[in-house]
Amino acid sequence: MSGWVKIAGLGPGDEALVTPEVTAALAEATDVVGYIPYVARVAEREGLTLHASDNRVEIDRSQHALRMAAEGKRVVVVSSGDPGVFAMAAAVFEALENGPAEWRSIQIDVLPGITAMLAASARAGAPMGHDFCAINLSDNLKPWSLIEKRLRLAAQGDFAMAFYNSRSKSRPEGFVKTLEILREECEPERLILFARAVSRSDEELRISTLAEATPDMADMQTVVIVGSSLTRVIERDGKPIVYTPRFTPDKDQV
């Protein structure tokens with residue numbers, strides 16, 4: 001087949017954080033598919049058709065992209081951040097696995113992007129400088145009981161944790177429960193970074209402790225990073241630095 005699909009990450013917001021590889025793919029594309037605000041970030045030009053759709057039709061969107069590629073079109077499926085992190089890459093492959101056999105001969109490439117998690121970490125310093133995990137707090141596609149299990153195990157394992165989809169208007173209670181679980185498993189002084197709209201003009205970073213954190217500090221534009229027990233703050237003139245050391249104490253020192 002002459003068509004192809006490239007699943008691309010547009011980064012957290014600032015155009016300077018879009019990789020040259022993604023920019024080149026968009027320049028070659030005949031069609032761009034994605035969630036409405038992400039497609040809006042792609043400049044219109046002659047020969048390019050933009051296909052924007054709602055946030056909860058990922059499989060329909062993926063099938064549309066694969067059908068167009070099978071017809072010979074060059075299709076870029078866009079996500080914010082990295083397409084492999086709670087985004088469109090998995091949805092496209094789900095559609096591929098369950099679709100017509102001929103789709104499997106389509107050239108499909110995943111083009112990485114800078115995630116909101118990594119952008120937020122870089123803004124603050126290096127809170128994920130040691131072992132860390134990422135947890136999507138949305139229970140749209142998995143039960144809350146599984147989210148709670150993962151939160152507890154990650155806290156007990158002393159991971160730094162990055163939370164996506166922390167708190168929405170339709171399910172504000174999820175982040176309330178998250179803070180309750182963390183307070184059961186972690187010390188009150190545990191550092192938490194609330195990073196909203198990272199790399200955009202309305203960016204806001206707030207460093208808190210678990211004891212001081214409140215649910216309204218997060219929304220759907222906020223990545224929350226919870227440090228490990230070793231995460232610390234370097235106070236200085238201007239913005240403080242949050243980082244997690246690369247080492248852990250010897251077993252006999254714990």
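The values are calculated or read from the model by the stated rules, or taken from the named source; none is laboratory data. Just so you know, these numbers come straight off a predicted model, no measurement behind them. Positions of Cβ are generated from backbone atoms using ideal geometry, with glycine treated the same way; all protein chains shown enter the neighbour counts. Side chains included, ligands, DNA and RNA excluded: accessible areas come from the protein's heavy atoms. Shrake-Rupley method; radii C 1.70, N 1.55, O 1.52, S 1.80 Å.
Taking the DSSP beta bridges with both ends in the chain, the antiparallel portion is around 40 percent. On a per residue basis, the chain carries 51 Å² of accessible surface, using protein heavy atoms and a 1.4 Å probe.
Under 1.5 on a/c is rounded, so check that first for the range 14-82, then, if it is not, pick prolate when a/b is larger than b/c and oblate when it is not; a ≥ b ≥ c are the square roots of the alpha carbon gyration tensor eigenvalues. Since a/c reaches 1.5 but b/c is at least a/b, the shape of the range 14-82 is classed as oblate.
Once you have the Kirkwood Rh of the chain from its Cα pairs, apply Stokes-Einstein at 25 °C and 0.890 mPa s and quote D in µm²/s.
Numbers: Rh = 19.6 Å.
After rounding, the answer is 125 µm²/s.
What's the angle, to the nearest 10 degrees (0 to 90), between helix 88-98's Cα axis and the longest principal axis of the chain? Roughly 50 degrees, rounded to the nearest 10.
In the chain, helical runs assigned H by DSSP with n ≥ 4 each contribute -39500 (n - 2.57); averaged across all residues and rounded to the nearest 500, the mean residue ellipticity at 222 nm is -8500 deg cm²/dmol. Hey, what angle do you get for helix 58-70 against the long axis of the chain, alpha-carbon based, 0 to 90 degrees rounded to 10? In the chain, helix 58-70 runs at an angle near 40 degrees to the longest axis. Of all segments of the chain bounded by trypsin sites (Lys or Arg not before Pro) found in a DSSP loop with no more than 11 other C-beta atoms within 10 Å, the longest spans 57-168. Contact order for the chain, expressed relative to its length and based on alpha carbon pairs under 8 Å spaced 6+ residues apart, stands at 19 percent.
With Rg and the Kirkwood Rh both taken from Cα atoms, where does Rg over Rh land for the range 131-254? Computed over Cα atoms, the ratio is 0.97.
What shape does the range 47-101 take by its C-alpha gyration tensor, where a ≥ b ≥ c are the square roots of the eigenvalues and a/c under 1.5 counts as rounded, a/b above b/c as prolate, and the rest as oblate?
oblate
Against the main long axis of the alpha-carbon atoms of the chain, helix 173-185 sits at an angle near 40°. Simple rule: put +1 on each Lys or Arg Cβ and -1 on each Asp or Glu Cβ in the chain, find the dipole, and look at Thr23, Gly3, Ser229; the Cα lying farthest toward the positive end is Gly3. Using the Karplus relation 6.51 cos²θ - 1.76 cosθ + 1.60 with θ = phi - 60°, the per-residue 3J(HN,Hα) values for the range 117-129 come to 4, 6, 5, 5, 4, 5, 4, 7, x, 7, x, 9, x Hz, with x marking Gly and Pro.
Normalised by the number of residues in the range 8-126, the average gap of Cα pairs under 8 Å and 6 or more apart makes the relative contact order 35 percent.
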